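J.: The structure under discussion is supplied below as C-alpha cells; questions concerning it will follow.
Every number here is computed from the coordinates shown, using simple stated rules; none is lab data. Please read all numbers here as calculations on a predicted model, not as lab measurements. Ideal geometry is used to build each Cβ from the backbone, glycine not excepted, and the neighbour counts take in all protein chains shown.
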Amino acid sequence: MPTPVLTSVADFFGVLFNLLYPRVCLICSHKINDLNISPICGDCVDKIRGNPEASRIEGKTEDFAFDLALYAARYEEVMKKCICLFKYEGKTQLAGPLGKLMSDFAVRNIGAEEIDVIVPVPLHPVKLRERQFNQSELLAAHLARKMNKNMVRDKVRRIKYTAPQTELKRDQRLRNVRGAFLVRKNADFKEKTVLLVDDVLTTGATLHECAKALKDAGAKKVVALALARGN
Ligand SMILES: [Zn+2]
C-alpha cells in the first residue's frame, strides 16, 4: 500500500529534522518530539480553556452595534502567554494554532453560509508600522481560508490613535475608541453579513465602534468573533 510508505518516509525526514533542529514549545520550553509542526506542545494546547458553551454577548441596539459577539477561549494562563508572544514579541507562527482554535470554534458555532465577508479589526497605521503586522488580520486570514470566504482588509481604517485600553473602565473605553473607525467610500458592505475578527474582547468597546462603522456603511449584520475574552 503506497500511503504507509509515503507516511513512513515523511516520518523519517520528520524525525531527522527534529534531531537536527530540535524544537521547543514557545510556552513551556519543553522539547517537542511529535511531528506536529505547531510551535506549542500538546500539553500546553490542552491547558487552553475554550468556550464550549459558546457563551456570547447579544448586541442590543442601545448597547452594541454588533448583533452578536463570541469568543473562542478564555484569556488566561497559556492563552495569555500565547497572545503576549504573538502580539508583542512577533511570534507570528502562533497565528496557525490560534487561528485553528478560532476556526474550529467558528465552524461549530457560526454558520459559514450566513457570512458574506470576513473583516479584521484594523490597527492604526502608526501601530501597524511599529508592530509590522496586524495580529487580527493574521487570525482573520486563517478563518477566511478555513471558511472559504473573502477577507476584506483595507476597506476599514482606524483613524484615531488610541491609548491602551487595559487600565480603563467600560465607559472610558467607549469614549476612548469613539469614532476610531471609518469605512472607505469604495467599500461594498451593503446588505452584507460581516464576520468581524479581533484578538481580545474585554468590554466590547472596540468591536462596537468597528461594527458601528460597518453598519453605517450599510452592513446588514455584524457577528464579532474574538480569539479570547478577558475580564
Ligand atoms: Zn508546552
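J.: Run through the range 112-143 and list the GluC sites (Glu not before Pro) located in a DSSP loop whose Cβ has at most 10 other Cβ atoms within 10 Å.
T.: Passing sites in the range 112-143 do not exist.
J.: Let me ask another. If you rank 84, 210, 44, 28 by fewest surrounding Cβ atoms within 10 Å, what's the result?
T.: 84, 28, 44, 210
J.: Most exposed first by the Cβ proxy, i.e. fewest other Cβ within 10 Å, how do 46, 116 rank?
T.: 46, 116
J.: Then there's this: Would you work out which of 206, 82, 172 lies farthest towards the positive end of the dipole of the chain? Charges go on Cβ: Lys and Arg +1, Asp and Glu -1.
T.: Of the listed residues, the answer is 172.
J.: Report relative contact order for the chain in percent, whole number only (criteria: Cα-Cα under 8 Å, sequence separation at least 6).
T.: Details: 382 pairs, mean separation 49.9, N = 231.
Dividing the mean separation by the residue count of the chain yields 22 percent.
J.: Please work out the C-alpha center-to-center distance from the range 86-109 to the range 209-231 and express it in whole Å.
T.: When both Cα centres are located, 19 Å separates them.
J.: At what distance in nm do the modelled label points of residue 55 and residue 175 sit from each other, each positioned 7 Å from its Cα along Cα→Cβ?
T.: Rounded to a tenth, the inter-label distance reads 2.9 nm.
J.: Also, I was wondering about something else. For the Cα atoms of the chain, what angle does the longest principal axis make with the long axis of helix 205-216, in degrees from 0 to 90, nearest 10?
T.: The two axes meet at around 60 degrees.
J.: With Cβ to Cβ distances under 10 Å as the rule, what net charge do the other residues near residue 117 carry (K, R +1; D, E -1)?
T.: Surrounding charge for residue 117 is +1.
J.: Would you calculate the volume per residue, in Å³, of the smallest convex hull containing every Cα atom of the chain?
T.: On the way: hull volume 34.1 nm³, N = 231.
Given the Cα convex hull of the chain, per-residue volume reads 148 Å³.
J.: Going by C-beta contacts inside 10 Å, put 191, 53, 76, 209 in order with the fewest on the left.
T.: Lowest to highest Cβ neighbour count: 53, 191, 76, 209.
J.: If you place +1 on the Cβ of every Lys and Arg and -1 on the Cβ of every Asp and Glu, how big does the dipole about the Cα centre of the chain come out, in debye to the nearest 20? Numbers along the way, then the final one.
T.: Details: 38 positive and 27 negative charges, 167 e Å.
It works out to roughly 800 debye.
J.: At a Förster distance of 30 Å, what's the computed FRET efficiency of residue 9 paired with residue 31, Cβ-Cβ distance as r, to 0.05?
T.: Numbers: r = 23 Å, r/R0 = 0.78.
Approximately 0.80, to the nearest 0.05.
J.: Moving on. Please compute the Cα-Cα pair-distance distribution of the range 131-186 with 5 Å bins starting at 0, giving whole percents from short to long.
T.: 4, 16, 17, 19, 20, 14, 8, 1
J.: Using 0.36 nm per residue of separation minus the Cα-Cα distance, give me the extension gain between residue 127 and residue 112 in nm, one decimal. Before the final figure, lay out each step's value.
T.: Working: separation 15, 0.36 × 15 = 5.40 nm, distance 3.11 nm.
Difference between extended and current length: 2.3 nm.
J.: Then there's this: Taking the Cα centre as origin and putting +1 on Lys and Arg beta-carbons and -1 on Asp and Glu beta-carbons, what dipole magnitude results for the range 159-231, to the nearest 20 debye?
T.: Details: 15 positive and 8 negative charges, 51 e Å.
Dipole size: approximately 240 debye.
J.: Using the structure shown, select from 169/220; 127/160; 100/146 the pairs with a Cα to Cα distance greater than 19 angstrom.
T.: 169/220
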